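What follows is a short report on a single structure.
The values are calculated or read from the model by the stated rules, or taken from the named source; none is laboratory data. Just so it is clear, the structure is predicted and the values come from calculations on it, not from any experiment. Cβ coordinates were reconstructed from backbone atoms using ideal geometry, including for glycine residues, and neighbour counts include every protein chain displayed. The area values use the complete protein model at the heavy-atom level, side chains included, leaving out ligands, DNA and RNA. Shrake-Rupley method; radii C 1.70, N 1.55, O 1.52, S 1.80 Å.
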Amino acid sequence: MRRSGVRPLRYLSHLGMIIGEHETNFASQSLEGHPDVEYTEPDISITITEPYVGTITPVQTPTMPWGVELIDAAKVWPYTRGRGVRVAVIDTGVSGEHPAIRGNYRGGVNILSPNADPQDFNGHGTHVAGIIAGRATESGIVGVAPRVYIYGVKAFNRKGSANLSDLLSAINWCIENKMQIVNMSFGMEKMSESMRQAIQIAHRKGIVMVAASGNQGFASKIDYPARYPETIAVTSISKNGHLSQFSNMGKGVDIAAPGDKIPSAWLNHSKREMSGTSMAVPHVTGTIALLLYLNRSLNPEQIRYILMQSSTKLKHLAGIGLINAYQAITFYKRLKR
């Protein structure tokens, strides 16, 4: 690589990939066709954008979030709260000291500054973590699986932007640290060969990858990595049970979940409503954690099957079902008999 004018920066041992920097404008061509290089790909930028961000409020209302209620999560808490299931949130970091998250937070990694904590300066990752693992009943920030272990994998900066190379490093970290579920509340319109391979490798290792279908309101096209068959692709519904206006639909969507005006944790110990397929994904991630607590050897395809078979079919969603935690656990128990 050095002879070809490329400076290697990071070796991702679990993915068999090297991230490098071109020292000259012609370096990329010099590696094309090299017998030791399978393929090269330019780094690209991905940005998180949500269609609705509500006002920040102090945490004081003890009402159950409507999404957690709709999917019947509380009905299964006597049997499973996801205790000890390892969930990685690849995002803007996590405010681990938030009262709703603190009890479940287990640290993580800052891909952007490896010597720093994965502290969240944006809010998006904290909001997602609260939907998965919130445990502050008194303030109404209650997650689907309120005893999981949450790991912040910070790949997006305070503006909500990430490089593809950082996302690949994040997936490599998740494999290395034996994460069981990876929450990917982000998407990109461009296909990436290296992202596809990273997702395939993680899937083969038994990690459940859950991804957002995207927020452009497309009727027949969804974002990557949700479009890769190895991920569980999630679209969003509103309180009325209809597809959210912003939600992408199309081939590859596996399941729908609440994603419209979802209250959850925010920076500085506060609370905020947000909308987006990013908010739908953690409802599914939390439900998977509830299942994995009961049986840690379930593989990603068995989990997809249980979720899809037990979902509530919605006529206006072309056969895509709405996730239901109680039905998923009941269906799994019947299968086991």
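Computed from Cα atoms, the angle from the helix 164-176 axis to the main principal axis of the chain rounds to 70 degrees.
Divide the volume of the convex hull around the Cα atoms of the chain by the residue count and you get 126 Å³ per residue. Just the Cα atoms of region 1-130, one point each, no solvent: what log10 I(q)/I(0) does Debye give at q = 0.15, 0.21, 0.22 Å⁻¹? Result of the Debye calculation: -0.93, -1.36, -1.42. The aspartates and glutamates within cross-link reach of residue 261, meaning a Cα-to-Cα straight distance under 13 Å and a gap of 8 or more places when in the same chain, are 50, 273.
Could you do me a favour and compute the accessible area per residue for the chain, 1.4 Å probe, result in Å²?
Working: 14530 Å² over 337 residues.
Solvent-accessible surface per residue comes out at 43 Å².
For residue 178, the solvent-accessible surface computed with a 1.4 Å probe is close to 150 Å², ligands and nucleic acids excluded.
When 79, 11 are compared by accessible area at a 1.4 angstrom probe, the order from most to least is 11, 79.
Ellipticity at 222 nm from helices only: DSSP H runs of n ≥ 4 in the chain, each -39500 (n - 2.57), divided by the residue count, give -7500 deg cm²/dmol.
Students often get this wrong, so check it: of 75/221; 75/178; 159/315; 205/239; 178/251, which have C-alpha atoms separated by over 32 Å? Kindly include the intermediate steps, with their values, before the conclusion.
On the way: 75/221 34 Å; 75/178 29 Å; 159/315 38 Å; 205/239 36 Å; 178/251 30 Å.
Result: 75/221; 159/315; 205/239 exceed 32 Å.
Take the solvent-accessible surface of the protein heavy atoms, probe 1.4 Å, and return the percent of it on the chain that carbon and sulfur atoms account for.
Values: 7140 of 14530 Å².
About 49 percent, which is the carbon plus sulfur part of the accessible surface.
In summary, the aspartates and glutamates within cross-link reach of residue 313, defined as a Cα separation below 12 angstrom excluding same-chain residues under 8 places away, comprise 254. Our compactness index for region 119-163, the C-alpha radius of gyration over the empirical 2.2 N^0.38 Å, is 1.25.
Report D for region 143-294 in µm² per second (integer): Stokes-Einstein, Kirkwood Rh on Cα pairs, 4 °C, 1.567 mPa s.
Values: Rh = 15.7 Å.
The estimated diffusion coefficient comes to 82 µm²/s.
A crude spin-label estimate for the pair residue 312 and residue 41, with each label 7 Å from Cα along the Cβ direction, gives 3.8 nm. As a ratio to 2.2 N^0.38 Å, the alpha-carbon radius of gyration computed for region 62-215 takes the value 1.02.
How far is helix 124-133 tilted off the main Cα axis of the chain, in degrees rounded to 10, range 0 to 90? Roughly 50 degrees between the two axes.
In square nanometres, what is the average projected area of the Cα convex hull of region 189-277?
Details: hull surface 27.2 nm².
For the Cα atoms of region 189-277, the hull's average projected area reads 6.8 nm².
Across the protein chains, with a 1.4 Å probe defining accessible surface, the residues 34, 22, 283 rank 22, 34, 283 from largest area downward.
When only alpha carbons are used to place a centre, region 199-270 and region 121-171 end up 15 Å from one another.
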